[in-house]
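Below: the structure, in C-alpha cells.
Computed from the coordinates by the stated procedures, all read-outs in this text should not be read as laboratory data. Values in this document were obtained by computation on a predicted structure and should not be read as measured data. Note that we place each Cβ from the backbone using ideal geometry, even for glycine, and neighbour counts take in every protein chain shown.
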Amino acid sequence: MNTPIAAPVVEITALSRAFASKLALNQVSLRAQPGRVFGLVGANGAGKTTLIKHILGRLKAEKGLVRVFGFDPVEDPVAVLSRVGYLSENRDLPAWMRVDELLRYTEAFYPHWDTAYAEDLRRQFGLNPRAKIKTLSRGENAKAGLLIALAYRPELLLLDEPSSGLDPVVRRDILEAIIRTVADEGRTVFFSSHLLEEVERVADDLAMMFNGQIVLAGPLDEVKESHHRLILRFDVPQPVAPKVAGILSLSGSGREWTAICNGKYEEAVAATARAGGRVVAEESPSLDEIFVAWATAKSL
Amino acid sequence: MQLHVSTGDGVPIYLQIAHQIKYLVASGRLVPGDEVPPIRVLAHQLLINPNTVARAYLELEREGVVHKRHGSGTYISDAGSPLARKERLKLISERIDALLAEASHLEVDPQELLRLIKERSQSIQPKEIK
C-alpha cells in the first residue's frame, strides 16, 4: 500500500525561482504519487503558491524541471489542465454569473464533466442555482469553486490553501472532498495549507517549506515517528535556554525545558548531559510542534 | 462503533484507531464476529485519509485482532481473546502506574498500598455479590 511503483503525478526537480532579488523557490524537489494525498505546509510567503503556479503552468520553470502526468505544463497545457481540478485561495469566479450559469459555462470546457455529480454536489453544498456569484458568502463561494474543480472528476485535485478564512462547516466539506477524491478510483490530491490539523488528518505525504526551501519531506507517519519531544531537567535553574547541540528547538524556563529533535535521539541525550542536564521523558510531538520547531530552527 | 481521533497529541492516527479498536475488544464492546466499518465509511466518519484507516486495519490484522473475509469485510477474530487478555492487563497496568505515582506523591509506600488494595478489595466483595 505504501510502496507505489507507478509514475509520479507531480514531479518537481531542483526548481528555483527568483522574483527581483528574492529567491521564492530554492532547489525544490518533490514527488506526488498517484492515489495519495500530498500536503504542502509552510508559513505565509514560504513559496507554496509560487510552487503551485508552476504545477499549473502559470509560471515557467526558469531553473529545474516540472512534470505533471509526465508533461511540461507550460509546453502542454491541455494535457495537464484537462486532468487537474484546481481551487485557489482567491476563488476568481465570474461575479456576474449565476450558479447554474457557472456550471453550464464550466461544463463546456470539460468533456468528462459529470452533470449528475455536479448536481449532487450543488445540493449537498446547499448552493442556490439562481444566486449570483457576487451575492454568495465567502463559504458559498469556496463551495462553488470546489464544485467546479470536482465535477469533472479530475485525476489530480490541486488545492491552494483551500480552507483559508473559512468556517469549520465549509472546511469539513473541503476535507470530505479530499477524502472522497482518494477513496474513489484512487485519484490524487495535492494541497497546500497552514492548518496542520487538517494536513495531519488527510495527508499521506508531507513537505514542509520555509523561505522557498523544502526542509522536510516524506510520508506523514515517518515524519511524525522520526521526531521526538524530550523533557530536559537541569540540576541548576537555567536563566536562558541552554545550548544543546542537535536539537531543533528548546522552550521552557528554570530547571525544566522541552526540546524537539529530529531523529538524533541518542545525540540529543548526550548533548543534554554535556550541558548539565538529563532527559527525563521522551514523547511524540504533534505536527504543530514539529512545524514550530523547524520554523524556530530555520529562523536562527 | 464510536472512535475519536485527535491530532493534538503526537500519536499517529492509524495507531489511535488500532488502539481504540483493541480497547473496544478488550472491554467487550466488540466481540468475535463483529464487523468493523468498511475503510471508506470510517474514513468519512472520522474525516481522515482512507489509507490511514487501511493501515490501522492492516496493523490489527497482523496482530490477529481482525481478519478479512474475501469480498466481504473485516471482522473481529476469535483469536482475539489471548490478545484481549494481554490488552486488559496492559490497561490495568496503566492504571496501576498512575496509582503508584499518586501514592508516592502522598508518601504511601508500595507495601502500604498493597495492604490498602487488599483491604479495599475485601470491603468491596460483598457488595458485588449482592
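Relative contact order, whole percent, for the stretch A:10-211 stands at 31, derived from Cα pairs under 8 Å and 6 or more residues apart. Among A:200, A:11, the order by Cβ neighbours within 10 angstrom, fewest to most, reads A:11, A:200. The amide H of residue A:59, built 1.01 Å from its N in the peptide plane, has A:54 as neighbours under 5 Å, considering only residues 5 or more places off or on other chains.
Listed by chain and number, the aspartates and glutamates placed with their C-alpha closer than 16 angstrom to that of residue A:63 are A:11, A:72, A:75; residues fewer than eight positions away on the same chain are left out. If you take the alpha carbon atoms of the stretch A:43-118 and fit the smallest convex hull around them, that volume is 133 Å³ per residue.
Note on the protein assembly as shown: the alpha carbon radius of gyration divided by the globular reference 2.2 N^0.38 Å gives 1.17. What the Cα convex hull of the stretch A:63-169 gives, in volume per residue, is 117 Å³. Remark: the stretch B:55-60, residue by residue, has Karplus-estimated 3J(HN,Hα) of 5, 4, 5, 4, 4, 5 Hz, where x stands for each Gly or Pro and the curve is 6.51 cos²θ - 1.76 cosθ + 1.60 at θ = phi - 60°.
When you look at the Cβ of every residue in A:199-209, what mean number of other chain Cβ atoms sits within 10 Å?
Shielding by partners across A:199-209 averages 3.
Cβ crowding within 10 Å, taken as a proxy for footprinting-reagent exposure, orders A:152, B:23 from fewest neighbours to most as B:23, A:152. Scanning residues 5 or more positions from residue A:238 or on other chains, those with amide H under 5 Å from its amide H are A:254, A:255, with H placed 1.01 Å from N in the peptide plane.
Residue-wise HN-Hα couplings along the stretch A:181-191, as the Karplus relation 6.51 cos²θ - 1.76 cosθ + 1.60 with θ = phi - 60° gives them from phi, are 4, 7, 5, 8, 6, x, 7, 10, 10, 10, 9 Hz; Gly and Pro carry x. From the phi of every residue in the stretch A:69-81, what ³J(HN,Hα) in whole Hz does the Karplus formula 6.51 cos²θ - 1.76 cosθ + 1.60 yield, where θ is phi - 60° and glycine or proline is x? Those phi angles translate into 6, x, 9, 7, x, 7, 6, 10, x, 5, 4, 8, 5 Hz.
Computed over chain B, the range of Cα coordinates on each principal axis works out to 55, 36, 25 Å, biggest value leading.
Would you pull out the residues with amide H under 5 Å of residue A:24's amide H, same chain only if 5 or more places away, H placed 1.01 Å from N? Those qualifying (amide H under 5 Å, at least 5 residues apart or on another chain) are A:17, A:18, A:19.
Sorted from longest to shortest, the spans of the Cα atoms of the stretch A:224-299 along the three principal axes equal 31, 23, 17 Å. Sorting B:76, B:48 by the number of Cβ atoms found within 10 Å of their own Cβ, with the fewest placed first, yields B:76, B:48.
D by Stokes-Einstein for the stretch A:10-211, Kirkwood Rh over Cα pairs, 10 °C, 1.306 mPa s: 92 µm²/s. Computed over neighbours whose Cβ is under 14 Å from that of residue A:232, the net charge equals +1, Lys and Arg +1, Asp and Glu -1. If the limit is 26 Å between Cα atoms, which of A:143/A:224; A:48/A:224; A:224/B:68; A:143/B:68 go over it? In this structure, A:143/A:224; A:224/B:68; A:143/B:68 lie more than 26 Å apart at Cα.
Helical runs assigned H by DSSP (4 residues or longer) give chain A a calculated mean residue ellipticity at 222 nm of -9500 deg cm²/dmol, each run adding -39500 (n - 2.57) before division by the residue total. When restricted to Cα atoms, the stretch A:109-206 yields an Rg and a Dmax of 13.3, 40 Å, respectively. For the stretch A:112-169, the list of trypsin sites (Lys or Arg not before Pro) that fall in a loop by DSSP and count at most 13 other C-beta atoms within 10 angstrom reads A:130. Our compactness index for the stretch B:13-80, the C-alpha radius of gyration over the empirical 2.2 N^0.38 Å, is 1.00.
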